[in-house]
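J.: My structure is below; once you've seen it, I'll send some questions.
Every number here is computed from the coordinates shown, using simple stated rules; none is lab data. Here the structure is a predicted model, which is why all the values come from computation and not from measurement. Backbone-built Cβ (ideal geometry, glycine too); neighbour counts: all protein chains shown.
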Amino acid sequence: MSKEQAEQVIALLRAAPSDPNATTAQARARMEEATSMLPVGDGVTVTEGISANGVTCDWIVPDGANEDRAILYLHGGAYCVGSRKTHRALAAELARVSDAPVLVADYGLAPENPYPEGIEDAVNAYQWLETEKNIPANMIGIAGDSAGGGLTMATLLMLRDREMGEPACGMVISPWVDMTCSAKSYETRRDRDPMIVPDNIQGSADLYLNGKDAESHLASPVFARLNGLPPLLIQVGTEEVLYDDAVRLAGRAVEAHIDVTLECWDGMFHVWHAFYSMLDEGQEAIAAMGQFYKDKIGR
């Protein structure tokens, strides 16, 4: 790791303006603006704003990729902010290293579309890959970061519960999988993670849940029975507020006899992958995701 790279990124994050009283609309606009500077790398074609069973998505195709496979990507943003635009650069790099098209979904956000509407959107986008792109389940990976990591797990669970076929794998980055927001790392890493403010995260959980049970298995997959899920890759940084969410999720997967790989990246903060153009570890972590996916589809 280049210590200088990490220090530069952390300094940028800590210097970013923050307003705890911002409206949801203002927070969404701020995230769009902040991520607009992240470059989409060469070697991919982005088709913006397609409809996948009514879900607005970007379809990102690497040069020379075979379209008999795909990854569904679910963005982070505490279930309230974020979009296909904010995560386009990360998703494009994942497409490139995976040699697979990536569908980035604009699932419904809270408070307008609270739990479980985003999960239904993700399932609809997944079905579009099967029915419109004719991609079999065992060639589809599902991936996401932060809240998108929680949504990835919830989507896998809903597909299992509805007997809709088993995707090739799930890949989660810094997953937020416990809406009770009660893990010890919320306190022990409070001052170590420049991305997550523990005092704000409960409010986002409340907006998402809209009065529903925080321990529901689809709202908080860390409480779910994970039996029957496909292979999982879980990546988390050692400095993360959500560190315990990832470790507990991996433990639950082991209990369920799931093929699970837990990667704890030393010194990394929440969703460091987003800064892959500035940070070696970001490139390396996305490359590990691409290799995991290729291993699981056997190509």
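J.: Amide H of Asp259: which non-local residues (sequence gap of 5 or more, or other chain) have their own amide H closer than 5 Å, using H built in the peptide plane?
T.: Those lying under 5 Å, H to H, from Asp259 are Leu232.
J.: Tally Lys and Arg at +1 and Asp and Glu at -1 over the other residues with C-beta under 15 Å from the C-beta of Ile50: what net charge comes out? Show your work: numbers first, answer last.
T.: Working: positive: Arg84, Lys85, Arg88, Lys133; negative: Glu48, Asp58, Glu67, Asp106, Asp121, Glu132.
Summing Lys and Arg as +1 and Asp and Glu as -1 gives -2.
J.: Work out the P(r) tail for the chain: percent of alpha carbon pairs separated by more than 37 Å, whole number. Write out the running numbers ahead of the final one.
T.: Numbers: 2545 of 44551 pairs.
Considering the chain, 6 percent of its Cα-Cα pairs are separated by more than 37 Å.
J.: log₁₀ I(q)/I(0) of the range 1-117 at q = 0.12, 0.20, 0.23 Å⁻¹, via Debye over equal Cα point scatterers, no solvent, to two decimals?
T.: Here the Debye-derived log intensity ratios amount to -0.52, -1.13, -1.27.
J.: Go ahead and estimate [θ] at 222 nm for the chain from helices alone: -39,500 (n - 2.57) per DSSP H run with n ≥ 4, summed, over the residue count, rounded to 500.
T.: -12000 deg cm²/dmol
J.: Note down the net charge around Val9, summing +1 for each Lys or Arg and -1 for each Asp or Glu among other residues with Cβ under 13 Å from its Cβ.
T.: Values: positive: Lys3, Arg14; negative: Glu4, Glu7, Asp193, Glu239, Asp280, Glu281.
Residues close to Val9 contribute a combined charge of -4.
J.: If packing is taken as the average count of other Cβ atoms within 10 Å, what order do 256-263, 68-75 fall into, highest mean first?
T.: 68-75, 256-263
J.: Enumerate the calculated ³J(HN,Hα) couplings along the range 101-106 in order (Karplus 6.51 cos²θ - 1.76 cosθ + 1.60, θ = phi - 60°), each rounded to whole Hz, writing x wherever the residue is Gly or Pro.
T.: Here the 3J(HN,Hα) series is x, 10, 9, 9, 9, 8 Hz.
J.: Right, here's the next one. If packing is taken as the average count of other Cβ atoms within 10 Å, what order do 93-101, 144-152, 172-180, 225-233 fall into, highest mean first?
T.: Order by mean packing, descending: 144-152, 172-180, 93-101, 225-233.
J.: How do the peptides 114-120, 48-54, 18-24, 249-255 rank, highest first, by the average count of neighbouring beta carbon atoms within 10 Å per residue?
T.: Packing order, densest peptide first, comes out as 114-120, 249-255, 48-54, 18-24.
J.: Which ³J(HN,Hα) values, rounded to whole Hz and listed in residue order, are derived for the range 229-237 from phi using the Karplus coefficients 6.51, -1.76 and 1.60 in 6.51 cos²θ - 1.76 cosθ + 1.60 with θ = phi - 60°, glycine and proline given as x?
T.: So the Karplus estimates, Gly and Pro as x, are 7, x, x, 10, 10, 10, 10, 8, x Hz.
J.: So, one more: For Leu72, enumerate residues with amide H under 5 Å from its amide H, sequence gap 5+ or separate chain, H modeled in the peptide plane.
T.: Leu103, Gly141, Ile142, Ala143
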